[in-house]
């Protein structure tokens, strides 16, 4: 079960550092308050780098259900292991969000804007337009999974440690170019378990968890990963044909 615990640890690190940078930028009286979108996107990219680099040798460092599903659809990962990976990723994400809440506990209670508080746990659209929000997550995840498929050897569906940086750069590019609409969840585990943690956390000015939006950062990334896998398979079969 090494891969199970590795996915927990990798996703924990992803959310600890990813949600952590958002908390540092948005919460009141932090050292990083108001440091901006570039800091957030860079922080998330580095969170991906750390999460992938540390556990890639044990589980392949999927740390994202959309990546796991995309690899399975592309034939690079056994479907029998998909549920176990997704459960581990959700556990790690929840623990990561819990740790961020504990770490910034006093800053949460000094922050009066419930939208900013929720944004440190999960994603939310800047313009509430479900169709466009869903499409944003589909396209962003397509870019991620399509890139990852070309980094993972077909034999084992694993990212090597040296591939952690390219994956982080893909996430950085997505955040800079495509993150302005929904906050680029591109990872169901990045959104749902932290949203649950937000609902459970005791924070003075917390507000609601916006469950009406929660389906978009789950379904959008899965749809995007499926399209990425299909495109990858089409291109791979075409290249094989040309080579013949």
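Computed from Cα atoms, the angle from the helix 2-26 axis to the main principal axis of the chain rounds to 40 degrees.
Sorting 107, 205 by the number of Cβ atoms found within 10 Å of their own Cβ, with the fewest placed first, yields 205, 107.
Look at the alpha carbon pairs under 8 Å that are at least 6 residues apart: their mean separation over the length of the chain gives a relative contact order of 29 percent. Helix 130-149 and the long axis of the chain differ in direction by around 50°, with both axes built from C-alpha atoms.
The length gained on full extension between residue 106 and residue 211, counted as 0.36 nm times the residue separation minus their Cα-Cα distance, comes to 35.3 nm. Tell me what the chain gives for mean residue ellipticity at 222 nm when only DSSP H runs of n ≥ 4 count, each as -39,500 (n - 2.57), the sum divided by the residue total, rounded to 500 deg cm²/dmol. For the chain, the value works out to -23000 deg cm²/dmol. By the count of other C-beta atoms within 10 Å, a proxy for reagent exposure, 190, 110, 118, 195 are ordered fewest to most as 110, 118, 195, 190. Relative to the longest principal axis of the Cα atoms of the chain, the long axis of helix 216-243 lies at roughly 20 degrees. Legend: calculated FRET efficiency, residue 238 to residue 99, from the Cβ-Cβ distance at R0 = 45 Å, rounded to 0.05, equals 0.50.
Counted by neighbouring Cβ atoms within 10 Å, the residues 150, 58, 104 run from fewest to most as 150, 58, 104. For the range 2-243, the Stokes-Einstein estimate of translational diffusion at 25 °C and a viscosity of 0.890 mPa s comes to 139 µm²/s, using the Kirkwood hydrodynamic radius over alpha-carbon pairs.
We did not get these values from a lab; they are worked out from the coordinates using the rules stated. Small disclaimer: the values here were computed from a predicted structure and weren't measured. So basically every Cβ, Gly included, is an ideal-geometry build from the backbone, and we count neighbours across all protein chains shown.
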